[in-house]
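> This is the structure I want to talk about, given as structure tokens.
The values are calculated or read from the model by the stated rules, or taken from the named source; none is laboratory data. Worth saying up front: this structure is predicted, and the values here are computed from it rather than measured. Cβ sites come from the backbone with ideal geometry, for glycine too, and all protein chains shown count toward neighbours.
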Amino acid sequence: MESMFKIFFELTFRLLTSVLAAFLIVSTHASAQTFTTVTDPSAVDGTYLLGISGNNIVGYYVDGEGTKHSFLYNGTTFNPLNDPSATAFTFATGISGNNIVGYYVGASGLSSFLYNGSTWSSFNDPLGGTYATGIDGNNIVGYYRVSTGTPNGFLYNGSTFTTVDDPLGVKGTYVLGISGNNIVGYYETSSGVQHGFLYNGSTYTTLPNLYGNGVSGNNVVGYWTTNGSTYTSYLYNGVTKTVLNDPLALSGATFADGIDGNNVVGNFSSGNTAEGFVADLEATPEPSTWALLLAGLVMLGVIVYRRPKAQS
């Protein structure tokens, strides 16, 4: 009887450990998308999230008169962002740590700004009107428009402006995000077709989607359209494209604009207005949890197997 129990236990133990081991391998490659809606309480005609760094998010909302108002959201509170030099609007677009960038219209026209939580400072590319769109550490990216109206991308390190232009962008290059040496945006061909791109400091690579809006490490987020009215967002790691679709979005209209680690921000259409979202792309289930369970099962098997036999 004891021998039969031992055989049964060993077979069951091996089966369970094999199943759990296989599930552990699969779980390390599985991912879930958890979307959380974020709406500024002052919004009437939409909330739009543009950039994220840790727990802090920048974006804007639209009031009942169609006026845009930028904010910093820390997960609990919406704090207004208004450059004191602005006469029309302040448009916060990117964030890295405590530093926020964007642009505004003042008495002398369009200017970009850097806000560190206490001080506002203005900067402008000497070649044209400047739109700051992203920041990572001390490096700021965006685009400027020359007198002809053609947009050109730029990289600004706090003292020097370097032009960033995709060679295929005959009608312009728009730079929208930066992470380390990686810069993303989109360019427009001579025929008016727009393509997303990734620039690593030496090489321009066309993305398999329309816009490259945000980047974190090797991960790029953005969206594309097939007919000019239906939009789909994506996460692209250089090899694989994963669709991002807020389940509350009307007809899948999800717009990803920023990414930091496993968190993506943007907005989706709910029909009558736009709502902001934060998508958590953390892998699930946690491989470490299953690893502990598997280790515990192995230990239990060893204890039972080595338990002293009862004396008859």
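> Go over the candidates Val239, Val298, Val304 one by one and state the one that is at pLDDT 90 or above and either surrounded by 14 or more Cβ atoms within 10 Å (Cβ to Cβ) or more than 22 Å from Ile57 (Cα to Cα) (or both). Lay out the reasoning, then the answer.
Values: Val298 fails: at pLDDT 90 or above; Val304 fails: at pLDDT 90 or above.
Testing whether each residue is at pLDDT 90 or above and either surrounded by 14 or more Cβ atoms within 10 Å (Cβ to Cβ) or more than 22 Å from Ile57 (Cα to Cα) (or both) leaves just Val239.
> Out of the strands (runs of 3 or more DSSP E) lying entirely within segment 165-243, which hold 1 or more residues that are assigned by TED's automatic domain parsing to the domain that holds Asn267, closer than 16 Å to Gly258 by Cβ and in contact (Cβ under 8 Å) with a residue 24 or more places away in the chain?
Output list reads 173-179, 182-188, 194-199, 214-216, 219-225, 231-236.
> Among the residues of segment 190-230, write down those that are aromatic (Phe, Trp, Tyr), more than 19 Å from Val264 (Cβ to Cβ) and under 19 Å from the mean Cα position of the chain (by Cα).
Selection gives Phe197, Tyr199.
> Wholly within segment 35-113, which strands (runs of 3 or more DSSP E) include no fewer than the required count, namely at least 1 residues that are over 19 Å from the mean Cα position of the chain (by Cα)?
56-62, 68-73, 78-81, 86-96, 99-106
> Let me ask another. Quick one: how many residues across segment 135-149 are crowded, with 17+ Cβ neighbours inside 10 Å and more than 13 Å from Asn181 (Cα to Cα)?
Qualifying residue count, segment 135-149: 4.
> Another one. Quick check on segment 63-89: of everything there that is β-branched (Val, Ile, Thr) and within 15 Å of Ser42 (Cβ to Cβ), which residue is modelled with the lowest pLDDT?
By that ranking, first place goes to Thr67.
> Do any residues in segment 72-90 that are assigned by TED's automatic domain parsing to the domain that holds Val278 and crowded, with 19+ Cβ neighbours inside 10 Å have Cβ atoms under 6 Å from those of residues that are among the acidic types (Asp, Glu) and modelled with pLDDT of 95 or more, where the two are at least six apart or on different chains, and which pairs are they?
Listed by first residue and then by second, the contacts come to Phe78/Asp40; Thr90/Asp83.
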